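Okay, so here's the structure we're looking at.
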Amino acid sequence: MQGTERGDDARGGHRPVVLAVEQALSMSYATLRFVHLGWRVIRVEATPAEGRTSPGDPNRYIGRPVPGAGFRSYFVAPNVGKEAIALDLKQPEGRAALHRIVERLPVDVFCTNTLPVRHAGFGLDYETLRARREDLIWCCISALGPKHPDVPGYDPMLQALCGFMDLTGHPDGPPLQCGPPLADLKAGDEAFAQVVLALYERERTGRGKRIDISMAQAAVSWLHTFLPMLDLGSPPEELRRSGNEHRQFIPVNAYPTRDGFLYLALGSDAQWKRLVAQPMFASLATAERTTNEGRRRDRRALHAAIAEITSRHDAAEVSAVLAAAGVPHSPITPIEKVPDLPFVAEAALRTTTPEGRPVRLPPPAVATPFLERRGGELPFAPSYGQHTDAVLAEVGYAAGEIAALRERGAAA
């Protein structure tokens, strides 16, 4: 891998090896989290198909062109620090190469988000790979899990299916998807967690494990503040789209000021008492509004009254009052200014394009010793098939054999 150690880690211990037949985001994000731990991650992409001008991961061709890289900007962040090889798993020779890599590197973890119905035909099903390495951790992300092996799924579709779009947007507007691809990222985080748990279990038992992640089930697992309430007396209308307003805690909403919106998130009756003790907001105090339930019954009038107050002041003035009251609040940060937030800037990762252009990356979910040793710098995302020859040579293919695989289209 460019710029990183191979085999064992820098301290002499075993460095896990992950082989991933991945594309799009969900699994690519999961394996990125392994990169953050310092693990070796090799992504496998398809060889060029007849009639297709864009081989490999479709995400390579989304976004703005990256000079000197051979792909576009959308592909960069989830794939930094990885190696990339290209094999035709429809050909016996391509499948044989995959199996040899699993055996000889050897691979600790195999990941895929290929449709389950295609696993056996591509030679990447759990039973086939387990026969090559008995203690293999095998993980698959799919739309609905192995009971629905032929159902494809992308994040917006899953947001629609799992009710997210019924919960997002304004009450009088159409259903909307959430900004970040939450279903993709939740599934990726779950794959990461389950693989780490399986490796821990393997240390004690010596056994591998099969892991199947349903994107839909993972997404619905987040609906703790919605689904149980349906069985406890809340009508669906009480849970549906509410714009920026919280459905239960009042007042929690975005309010206008003279120079932009400010988000106020009041979460307790004690905070309310401190809020109305401030002269700016003293007119809001009534006996009914002392409790959250009372404020909820009066929420329309209360939201309007707060907006009338805040709209007469600059955001900084309102913010100072809310800070003095100990009430959580925030401006609406434009996306282009998020990298400059102090807690982001101090933890952000970095990479550099082939032409030397620095690129800021999101910070890791949690800091890791590996990233600290590297000073937060990761190798740029790999070009298509960049490491095919090197990885095949590493598992025993001679130069002539590699050339023959390429000539027959089994590798690229």
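Bear in mind that the values in this text are calculations on the coordinates, not laboratory data. Everything quoted here is computed from the prediction, not taken from an experiment. FYI the Cβ positions are ideal-geometry reconstructions off the backbone, even for glycines, and counts take in every protein chain you see.
Distance between the C-alpha centres of segment 141-191 and segment 331-379: 27 Å, rounded to the whole angstrom.
Step by step: find N for segment 35-100, compute 2.2 N^0.38 Å, then divide the Cα radius of gyration by it. What's the final number? Write down the numbers at each step before the final one.
Details: Rg = 13.5 Å, N = 66, 2.2 N^0.38 = 10.8 Å.
Expressed relative to 2.2 N^0.38 Å, the Cα Rg reads 1.25.
Mind checking which of 277, 324, 313 is farthest towards the positive end of segment 252-334's charge dipole, using Cβ charges of +1 (Lys, Arg) and -1 (Asp, Glu) about the Cα centre? Most positive-ward Cα: 277.
Taking the Cα centre of the chain as origin, sum charge times position over the Cβ atoms of Lys and Arg (+1) and Asp and Glu (-1), and report the length of that vector in debye to the nearest 20.
On the way: 47 positive and 48 negative charges, 41 e Å.
Around 200 debye, computed over the chain.
For segment 252-334, the Kirkwood estimate of hydrodynamic radius, built from reciprocal distances between every pair of different alpha carbons, is 12.7 Å. Report the Stokes-Einstein translational diffusion coefficient (µm² s⁻¹, integer) for the chain, Rh taken as the Kirkwood radius over Cα pairs, at 4 °C with viscosity 1.567 mPa s. For the chosen part, D equals 53 µm²/s.
Only helical runs count toward this figure. For the chain, summing -39,500 (n - 2.57) over DSSP H runs of n ≥ 4 and dividing by all residues gives -9500 deg cm²/dmol at 222 nm.
One Cα centroid belongs to segment 39-116, the other to segment 199-237; the line between them spans 29 Å. The alpha-carbon atoms of segment 32-165 define a convex hull whose volume equals 153 cubic angstrom per residue. Relative intensity of segment 158-277 on a log10 scale, I(q)/I(0) at q = 0.11, 0.15 Å⁻¹, equals -0.58, -0.87, per a Debye sum over C-alpha point scatterers of equal strength in the absence of solvent.
Restricting to the chain, compute how many DSSP beta bridges are antiparallel as a %, nearest 5. All intermediate terms of the calculation are to be shown ahead of the outcome.
Numbers: 17 of 42 bridges.
Rounded to the nearest five, the antiparallel share is 40 percent.
Dipole orientation for the chain: of the candidates 74, 388, 365, 365 has the Cα lying most toward the positive pole (charges on Cβ; Lys, Arg +1; Asp, Glu -1).
Distance distribution P(r), segment 300-373, all Cα-Cα pairs, bin width 10 angstrom from 0: 14, 30, 25, 19, 11, 2 percent.
Shown in residue order for segment 44-61 are the 3J(HN,Hα) couplings computed by the Karplus curve 6.51 cos²θ - 1.76 cosθ + 1.60 at θ = phi - 60°: 10, 10, 6, 6, x, 9, 4, x, 9, 9, 10, x, x, 4, x, 5, 5, 10 Hz (x for Gly and Pro).
Where the eigenvalues come from the Cα gyration tensor of segment 330-374, what are the semi-axes √(5λ) of the equivalent ellipsoid, largest first, in whole Å? Each step should come with its number before you reach the end.
Values: eigenvalues 91, 55, 8 Å².
So the three semi-axes of segment 330-374 are 21, 17, 6 Å.
With the charge dipole of segment 252-334 set up from +1 on Lys and Arg Cβ and -1 on Asp and Glu Cβ about the Cα centre, the Cα lying farthest toward the positive end among the listed residues 333, 291, 302 is that of 291.
Summing Cβ point charges (Lys, Arg +1; Asp, Glu -1) relative to the Cα centre of segment 252-334 gives a dipole of roughly 220 debye.
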